[in-house]
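The values are calculated or read from the model by the stated rules, or taken from the named source; none is laboratory data. As the structure is a computational prediction, the values presented were derived from the model and not from experiment. Every residue, glycine as well, gets a Cβ built from its backbone with ideal geometry; the counts of neighbours run over all protein chains shown. We work out accessible area using only protein heavy atoms, side chains counted, and drop any ligands, DNA or RNA first. Shrake-Rupley method; radii C 1.70, N 1.55, O 1.52, S 1.80 Å.
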Amino acid sequence: QHDLRKIQRTSSVCFPFPKQPRAWISTGPQQQHGTFYEFRTYNIQPHLNAAFLKLTSEKIHLRTAHSELIGYWSVEYGGLNQVFHIWKYDSYAQRASVRAALAQDPNWIEQYISKAMPMLSSQDNEVMYLVPWSKIQKPPKDGGVFELATFQMKPGGPAVWGKAFHASVGIRTGSGYAHAVGVFHSEFGPLNQVHVLWWYESADERAAIRRTSHEDARVVAAVRESAAYLVSQKNKLMFPCAFSPIK
């Protein structure tokens, strides 16, 4: 035992632990700051869909007075009677303070929450970080449609699949096939998920671009490499609401 303790002491002197973790041993998204994005999906009772959207349009200012709304969309394909919205927070402490303030805001509660909640059948949320190589980029002009493409990746995070996925997204944006609003990696909710928010001028333009890009050898090669890390995928086609900051 004495000899073992001596070896341990000697090892700690000769081979000190690094002051900071090595990037190569991490499988996380290498987040460099506290900013995160909350993805919210609400399922609306079908017969109340129009009423919910009208109420939200009239009262959303009560919510945006507390924190930043990135975008708010109505789902057209891939989820009927759904809305999807993204909120930005600088830290978890900020989000906690916002939620506490909303709970004490009589206008928000009386004019919106008390009326909106009975219109919903369910709610879901996820916490997302932008992948290290992405940032929020608004579309070149207002209007158009948005596609939220969701990829369930094999475990490991961007350190494992990031290079291949980056190449797959980059060849589409670099070739002018589509505009990526943001690429996000899950922190809370289903893990090892990546969401890519794409913008197109119209649904027909998206269909035409898909046909063209799928005949592009560069796109095919990049997608094939990225698919090696893919488990499953799904998507939604969405229209921005009039009050959405990104539209």
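What the table shows:
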quantity	calculated
Residues located in the range 172-186, provided they are in a helix (DSSP H, G or I) and buried (at least 18 other Cβ atoms within 10 Å of the Cβ)	R172
Complete set of residues in the range 187-229 that are open to solvent by 50 Å² or more (accessible area, probe 1.4 Å) and among the acidic types (D, E)	E187, E201, D204, E205, E215, E225
Long-range neighbours under 9 Å by Cβ, at least six apart or interchain, first residue in contact (Cβ under 8 Å) with a residue 12 or more places away in the chain and farther than 15 Å from R172 by Cα within the range 190-212, second open to solvent by 60 Å² or more (accessible area, probe 1.4 Å) and not basic (K, R)	L191/P155; N192/P155; N192/V231; A203/E76; A203/Y77
Selection count, the range 112-171, where residues are in a strand (DSSP E or B) and open to solvent by 80 Å² or more (accessible area, probe 1.4 Å)	3
Number of positions in the range 218-247 that are assigned to a strand (DSSP E or B) and polar (S, T, N, Q)	3
Cβ pairs under 8 Å, 6+ apart, first in the range 90-105 and open to solvent by less than 60 Å² (accessible area, probe 1.4 Å), second of a type in the set (K, R)	L102/R63
Pairs where the first residue, in the range 233-247, is among the aromatic types (F, W, Y) and the second is open to solvent by 70 Å² or more (accessible area, probe 1.4 Å) and assigned to a strand (DSSP E or B), C-beta under 6 Å, 6+ apart	F239/E76
